[in-house]
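We did not get these values from a lab; they are worked out from the coordinates using the rules stated. Note that the coordinates shown come from a computational prediction; the quantities given were computed from them, not determined experimentally. Reconstructed Cβ throughout: ideal geometry from the backbone, glycine too, with neighbour counts over all protein chains shown.
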Amino acid sequence: MKLKYTIMYVEDVKTTLEFYRDAFGFEIELLHPSGDYGALNTGETTLSFSSLALMNQLGKGAIKPQPSAPTFEIAFETEQVAEQLQQALAAGAKLVQDVEEMPWGQTTAYVHDINGYLVEICSPVSV
C-alpha cells in the first residue's frame with residue numbers, strides 16, 4: 001500500500017493549478033476539459049484539485065477551507081526555504097510564519113495558498 005494522491009477541493013481548479021505552478025514550480029500534469037479536476041506533477045504522490053461544485057454534485061458535502069482554523073497542512077521540502085517562500089508570496093500566497101530555524105534541525109515557513117489552505121515550506125530535517 002502507498003499514498004497515491006491527495007485531492008483538495010477548491011472553487012477554481014485552473015487558477016489553483018496556475019498558482020501552484022507559479023508559487024512552487026510544479027508542472028501542471030492534467031486539467032480536465034470540464035475544468036472540474038486537475039493534477040500537478042509533484043513526484044510519486046500526486047497533488048490534485050477538484051471543484052467544490054463537482055464534489056457537491058457528487059454528494060461529497062465539500063466545504064470551502066477556513067484559514068482561521070486549518071485542519072491539516074501540506075508540506076513541500078526544499079533546500080531553499082527563504083527563496084521558495086518569496087516565490088510563493090510573489091504568486092499570491094499569504095504569509096503565516098516567516099522562515100524559522102526549528103530546534104529539531106529543520107527550517108520552516110508557512111503560507112496560506114489562494115484558497116486558504118495551509119502550506120508548509122520546509123527543509124529536510126537534519127539531525
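Within the chain, which is the longest segment that contains none of the GluC sites (Glu not before Pro) sitting in a DSSP loop with at most 15 other Cβ atoms within 10 Å?
Maximal segment without exposed cleavage sites: 80-127.
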Amide H of GLN106 versus every other amide H placed in the peptide plane: which residues, excluding those fewer than 5 positions away on the same chain, fall under 5 Å? SER126
The chain: angle of helix 13-24 to the longest principal axis, Cα-based, in degrees nearest 10: 10 degrees
Inter-site label distance for LEU95 and GLN66 at 7 Å from Cα along Cβ, in nm: 2.7 nm
Pairs over 21 Å Cα to Cα, from LYS14/LYS94; LYS14/LYS64; LYS2/LYS64, come to LYS2/LYS64
Amide H proximity to TYR117 below 5 Å, modelled H, separation 5+ or other chain, gives none
Under 5 Å, built H, 5+ apart or other chain: amide partners of ALA62: ASN56
Return the sequence-ordered ³J(HN,Hα) values of region 26-35 in whole Hz as given by the Karplus equation 6.51 cos²θ - 1.76 cosθ + 1.60 applied to θ = phi - 60°, using x for Gly and Pro. 7, 6, 6, 8, 7, 9, 4, x, 6, x
Excluding the sites themselves, what is the longest stretch of the chain that contains no chymotrypsin sites (Phe, Trp or Tyr not before Pro) in a DSSP loop with at most 10 other C-beta atoms within 10 Å? 1-71
Of the candidate values (i) 45, 32, 30; (ii) 48, 34, 29; (iii) 47, 45, 25, the one computed for Cα extents along the principal axes in Å from this structure is (i)
What aspartates and glutamates sit close enough to LYS4 to cross-link, taking a C-alpha to C-alpha distance under 13 Å and skipping anything fewer than 8 places away on the same chain? GLU44
Equivalent ellipsoid dimensions for region 5-57 as semi-axes, Å, which come from the Cα gyration tensor, largest first: 18, 11, 9
